[in-house]
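Enquirer: Mind having a look at this structure? Questions to follow.
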Amino acid sequence: MAKATPKPTASKVALISNEVLDKHRYKLSLNAQKLLFGLAQLIDHTLDIFPTYEIDIRGLWEYLGITHREDRYTLVKNALLEITKNPLQLVVSERKWTLIPWMSVQYDEEQSKYVKIRFVDEVKPFLLRLNEYTKVKGLYIVKLGSVYATWLYPVLKMIQTKYYGHHAIPIQRLKEMTFTDDPKEYPAYNTSTAAASHFLQRVIGLKYDRTEKRYVIVEGSPLWEINNKTDIRVTAEPLKEGKAYAAIMFHVVSNGEEKRAKDVDKSRYVDVIPQRELCGYRVPVRNIYDIAKAQGISPAECARRMGYIIDGDYAYLNKTKEQYEREQEAQRAKQLEQRTYRQLTIEEAIERNLKALKPNGE
């Protein structure tokens, strides 16, 4: 028998093709999605082949957190069955589409305690030969308790890296990704008068707050879960074309960056001065994201270089009010000095004339 394969764990990272996240979709339940990401951790990207992975079934129980459940064998079997039955899909039109199976699976406890898994060669471009990829840590995937959250989290991680934390996704693409695009199966999200609002609130987690006059994240929703259980922090706002919702703009930073911003006593900083052009004292955070994307750096690094602190929807000049007031006072004094003229004394006039007559102004 071949050497046993290391088991998937919460501490390992899976590399997922950006092409899969950008263009494809796959319909899997919560456990099946988690298990697919766990199996992706095991792929050796230095090889050009898919070996047969032999994984102790107890390792799969531990990864999914079902070791003490009586139906643990059934849960693993059903998750693997889902993966084999639901291929990677790319649908361009009714007459142009591709379905790619993931893998084959075999398990016989009488012969071995190992589950034999082999990815099919057709998925090599998406799991093995990766041009662009997103890192997804098992620790955060296994924490999520919503199938919509597990679909959205890898995409938001891609936005953080590939799009420098600032990217709009069409609502139709989000429906395709979350398999809520079928009007017959999900009429509330596609045919009702409040379809857009229902989709935003139930599938994504955005609701318009009339008091704050902006969209906020709903407690317990997929976005709320991602913000509270993973390594990223997300804000989002729907975008309209005319009166219809067309896309959602996502802003993604690491939870560490968000925490550092929250730790700052914002009341000490300049946050009440009117906005002034691009480099004003308070600018919309999307300006920082746009500049960061153009320069090929992270929004946090861009803000640091420009002397700003990102907090919520705005970036604030990283100066205390006292510093700002001193600088303004010094600037006003300098301008006053430049505008003020007085008559020279006789001594000053003679000294200036003598200096002008000397060679090289000595």
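The values are calculated or read from the model by the stated rules, or taken from the named source; none is laboratory data. No experiment lies behind these values; they were computed from the predicted model shown. Note: ideal-geometry Cβ built from the backbone for every residue, glycine included; neighbour counts use all protein chains shown. The protein model used for the area step is the full one, side chains on, heavy atoms only, and it has no ligands, DNA or RNA in it. Shrake-Rupley method; radii C 1.70, N 1.55, O 1.52, S 1.80 Å.
Enquirer: Mind counting the residues in the range 148-177 that are in contact with a Ser or Thr (Cβ under 9 Å, 6 or more places away or on another chain) and surrounded by fewer than 20 Cβ atoms within 10 Å (Cβ to Cβ)?
Expert: Adding up the residues that qualify gives 2.
Enquirer: Within the range 138-191, work out how many residues are more than 24 Å from Trp61 (Cα to Cα), among the polar types (S, T, N, Q) and over 9 Å from the mean Cα position of the chain (by Cα).
Expert: The total comes to 5.
Enquirer: May I ask you to verify whether Ala10 is under 15 Å from Thr150 (Cα atoms), in a strand (DSSP E or B) and of a type outside the set (Phe, Trp, Tyr)? Walk me through it before giving the result.
Expert: Working: under 15 Å from Thr150 (Cα atoms): yes; in a strand (DSSP E or B): no; of a type outside the set (Phe, Trp, Tyr): yes.
Considered against the rule, which asks whether it is under 15 Å from Thr150 (Cα atoms), in a strand (DSSP E or B) and of a type outside the set (Phe, Trp, Tyr), Ala10 comes out as no.
Enquirer: From Val216, Val203, grab the single residue that is within 20 Å of the chain's Cα centre (by Cα), closer than 14 Å to Ala236 by Cβ, among the hydrophobic types (A, V, I, L, M, F, W, C) and surrounded by fewer than 17 Cβ atoms within 10 Å (Cβ to Cβ).
Expert: Working: Val203 fails: surrounded by fewer than 17 Cβ atoms within 10 Å (Cβ to Cβ).
Every option except Val216 fails the conditions.
Enquirer: I need the full set of residues from the range 311-326 which are open to solvent by less than 40 Å² (accessible area, probe 1.4 Å) and at pLDDT 75 or above, in order please.
Expert: Narrowing the range 311-326 to residues open to solvent by less than 40 Å² (accessible area, probe 1.4 Å): 311-312, 315-317, 320, 324.
Result: Ala315, Tyr316, Leu317.
Enquirer: On the basis of being assigned to a helix (DSSP H, G or I), open to solvent by less than 80 Å² (accessible area, probe 1.4 Å) and either of a type outside the set (Lys, Arg) or at pLDDT below 70 (or both), does Gly256 make the cut? Give the derivation first.
Expert: Numbers: assigned to a helix (DSSP H, G or I): yes; open to solvent by less than 80 Å² (accessible area, probe 1.4 Å): yes; either of a type outside the set (Lys, Arg) or at pLDDT below 70 (or both): yes.
Judged against the criteria, Gly256 is a match.
Enquirer: Still on this structure: So which of Ile288, Ile273, Ile297 is at pLDDT 65 or above, in a loop (DSSP other than H, G, I, E, B) and among the aliphatic types (A, V, I, L, M)? Quick ask: steps written out before the conclusion?
Expert: Working: Ile288 fails: in a loop (DSSP other than H, G, I, E, B); Ile273 fails: at pLDDT 65 or above.
Answer to the check: Ile297.
Enquirer: Okay, moving on. Does Pro6 count as modelled with pLDDT under 90 and not hydrophobic (A, V, I, L, M, F, W, C)?
Expert: Yes.
Enquirer: Step by step: first the residues of the range 230-247, then only those that are among the β-branched types (Val, Ile, Thr) and open to solvent by less than 40 Å² (accessible area, probe 1.4 Å), then the one that is farthest from the chain's Cα centre (by Cα). Which residue is that? Steps first, please.
Expert: Within the range 230-247, the first condition is being among the β-branched types (Val, Ile, Thr), and the residues that meet it are 230, 232, 234-235.
When the remaining residues are screened for being open to solvent by less than 40 Å² (accessible area, probe 1.4 Å), the result is 230, 232, 234.
Details: Thr230: 11, Ile232: 6, Val234: 7 Å.
Among those residues, the one meeting the criterion is Thr230.
Enquirer: So, one more: Of everything in the range 76-132 that's among the charged types (D, E, K, R) and within 19 Å of Trp151 (Cα to Cα), which residue is surrounded by the most Cβ atoms within 10 Å (Cβ to Cβ)?
Expert: Our first condition is that a residue be among the charged types (D, E, K, R); within the range 76-132, this holds for 77, 82, 85, 94-96, 108-110, 113, 116, 118, 121-122, 124, 129, 132.
Now restrict to residues that are within 19 Å of Trp151 (Cα to Cα): 82, 85, 132.
On the way: Glu82: 19, Lys85: 12, Glu132: 12.
The selected residue is Glu82.
Conditions (1) surrounded by fewer than 18 Cβ atoms within 10 Å (Cβ to Cβ); (2) touching a Gly at 6+ places or on another chain (Cβ under 9 Å), marked per residue:
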position: Thr9; (1), (2): yes, yes
position: Leu21; (1), (2): no, no
position: Leu36; (1), (2): no, no
position: Leu39; (1), (2): no, no
position: Ile49; (1), (2): yes, no
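Enquirer: Has the range 190-200 got any residue that is of a type outside the set (Gly, Ala, Ser) and touching a Leu at 6+ places or on another chain (Cβ under 9 Å)?
Expert: The first filter runs over the range 190-200 and keeps only residues of a type outside the set (Gly, Ala, Ser), leaving 190-191, 193, 198-200.
Next, only the ones that are touching a Leu at 6+ places or on another chain (Cβ under 9 Å) stay: 199-200.
Among the residues of the range 190-200, at least one is of a type outside the set (Gly, Ala, Ser) and touching a Leu at 6+ places or on another chain (Cβ under 9 Å), which makes the answer yes.
Enquirer: Let me ask something additional. Yes or no: Tyr63 in contact with a Pro (Cβ under 9 Å, 6 or more places away or on another chain), more than 13 Å from Trp102 (Cβ to Cβ) and not in a strand (DSSP E or B)? Full working, then the answer.
Expert: Numbers: in contact with a Pro (Cβ under 9 Å, 6 or more places away or on another chain): yes; more than 13 Å from Trp102 (Cβ to Cβ): yes; not in a strand (DSSP E or B): yes.
Yes, satisfied.
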